[in-house]
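Structure first, then comments.
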Amino acid sequence: MKKLLNTLFVTTQGAYLSKEGETVVVKVDGAVSLTLPVHTLGGIVCFGQVSCSPFLMGFCAENGVAVSFLTENGAFLAKVQGPVSGNVLLRREQYRRADGLKSSAMIAQAVVTGKIANCRTVLQRALRDHSDKIDAEAVSQASQRLANYLKRFGSELTLDVLRGIEGESAYTYFGVLDHLITAQKDDFRFQERNRRPPLDKVNCLLSFLYTIVMHDVRSALETVGLDPAVGFLHRDRPGRYGLALDLMEEFRPFFADRLALSLINLCQVQGKGFQKKESGAVWMDDDTRKTVLVAYQKRKQEEIEHPFLKEKVSVGILFYVQALLMARYLRGDMDNYPPFIWK
């Protein structure tokens, strides 16, 4: 369990939360693991098999502390909240910012900065760790081009310009992604990003991971009270979760792309686990899907120092930290939204 930005995350399975005086008590196997005064909390997020006493839920509602319940994998289930909530005001501010092209561009610029910086770090890590196995010159040139894109963010840019830079950087990054595949080259080759449906094994793997990340980010946004459908970089479209797509841009390279490369290079997934349909679409079989999901959950359990908070957090909590930071920025508690930038 972890307390971050006045939110208590309870991830220990079997934990039980109850009220004792003016405090929240967390017990595991009957033993007290943590006690926190309720006035220090703004929210409680419970993952998986975590229980709360009805007295605690009522107590939290009276004190403006939202209690959210998610699956162990991070899918949003429900929220217990009192009648007076800041969520309406938060969402109204989110809608106001989304309606303004200039305010939208400010947030979009932060998101795109995080994405490009993390793409560049993926390339830099490959050069550092596998320079003898890859086309180091091509990867190095792509990394430099990404650095040049980042230099363009020194001034205010319009949404159209930002989308242009984001598109160019994605073309540059995916243009050398195949060089980062160092094993099973006969089965796994990447020429370009394609989707709906994916036409090769690498794109199939990436699309599956992107979908899982998007759902986790959406759950995080729901948990902090933001509307996942109203984004800033990704504009409103029926059936599309624009803000979830915005926020996940920071996590695509750091989380999904790196995991896909690791699964391939470590031979944890194999070419025989993918099937090509008559339509040309590529799908993974059940065993491969299970392997990917297990690896995804293990990755979420790893710890990393958050670049802005300077605290150790599990990778799976990063979605909720960034959603909280976005909410704080929109409330006016912070001057800027700090994107997650992997070092």
Are any residues in the range 274-296 in a loop (DSSP other than H, G, I, E, B), over 10 Å from Asp200 (Cα atoms) and open to solvent by less than 90 Å² (accessible area, probe 1.4 Å), and if so, which ones?
Asp285
Subset of the range 102-137 that is farther than 18 Å from Leu243 by Cβ and among the polar types (S, T, N, Q) - its residue that is most open to solvent (accessible area, probe 1.4 Å)
Gln124
Helices (runs of 4 or more DSSP H) (entirely within the range 176-268) containing at least 2 residues that are over 27 Å from Lys290 (Cβ atoms) and open to solvent by less than 10 Å² (accessible area, probe 1.4 Å)
242-248
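Conditions tested, residue by residue: (1) modelled with pLDDT under 90; (2) β-branched (Val, Ile, Thr); (3) over 18 Å from Arg252 (Cβ atoms).
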| site | (1), (2), (3) |
| --- | --- |
| Thr291 | no, yes, yes |
| Arg299 | no, no, no |
| Gln322 | no, no, no |
| Gly332 | no, no, yes |
| Asp335 | no, no, yes |
Residue under question is Ala126, and the condition is that it be part of a helix (DSSP H, G or I), small (Gly, Ala, Ser) and modelled with pLDDT of 95 or more; does it hold?
no
Do we have any residue at all in the range 91-99 that's open to solvent by 10 Å² or more (accessible area, probe 1.4 Å) and under 30 Å from Gly48 (Cα atoms)?
yes
I want to confirm something. Restricting to the range 301-313 and keeping residues that are of a type outside the set (A, V, I, L, M, F, W, C) and at pLDDT 90 or above, which single residue is nearest to Gly114 (Cα to Cα)?
Pro307
Go through the range 114-166 and give me each residue that's among the hydroxyl-bearing types (Ser, Thr, Tyr) and touching a residue at least 60 places away in the same chain (Cβ under 8 Å).
Thr121
Complete set of residues in the range 29-82 that are of a type in the set (D, E, K, R), under 21 Å from Ile317 (Cβ atoms) and either modelled with pLDDT of 90 or more or buried (at least 16 other Cβ atoms within 10 Å of the Cβ) (or both)
Lys79
For the range 142-151, which residues satisfy the criterion of being of a type outside the set (A, V, I, L, M, F, W, C) and loosely packed, with under 15 Cβ neighbours inside 10 Å?
Gln144, Asn148, Lys151
For the range 179-197, pairs from a residue that is touching a residue at least 40 places away in the same chain (Cβ under 8 Å) to a residue that is assigned to a loop (DSSP other than H, G, I, E, B) and hydroxyl-bearing (Ser, Thr, Tyr), with Cβ under 9 Å and 6 or more apart or across chains, are Pro197/Ser279
Restricting the range 1-22 to residues that are open to solvent by less than 40 Å² (accessible area, probe 1.4 Å) and of a type in the set (Ser, Thr, Tyr), the residue that is modelled with the lowest pLDDT:
Thr7
Tell me, please, whether a residue that is more than 23 Å from Val230 (Cα to Cα), in contact with a helix residue (DSSP H, G or I) (Cβ under 8 Å, 6 or more places away or on another chain) and aromatic (Phe, Trp, Tyr) can be found in the range 52-62.
yes
Boolean, Glu311 is touching a strand residue (DSSP E or B) at 6+ places or on another chain (Cβ under 8 Å) and open to solvent by 40 Å² or more (accessible area, probe 1.4 Å):
yes
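The values are calculated or read from the model by the stated rules, or taken from the named source; none is laboratory data. All figures in this text were calculated on a predicted structure; none of them were measured in a lab. So basically every Cβ, Gly included, is an ideal-geometry build from the backbone, and we count neighbours across all protein chains shown. Just the protein is used for accessible areas: all its heavy atoms, side chains included, with ligands, DNA and RNA removed. Shrake-Rupley method; radii C 1.70, N 1.55, O 1.52, S 1.80 Å.
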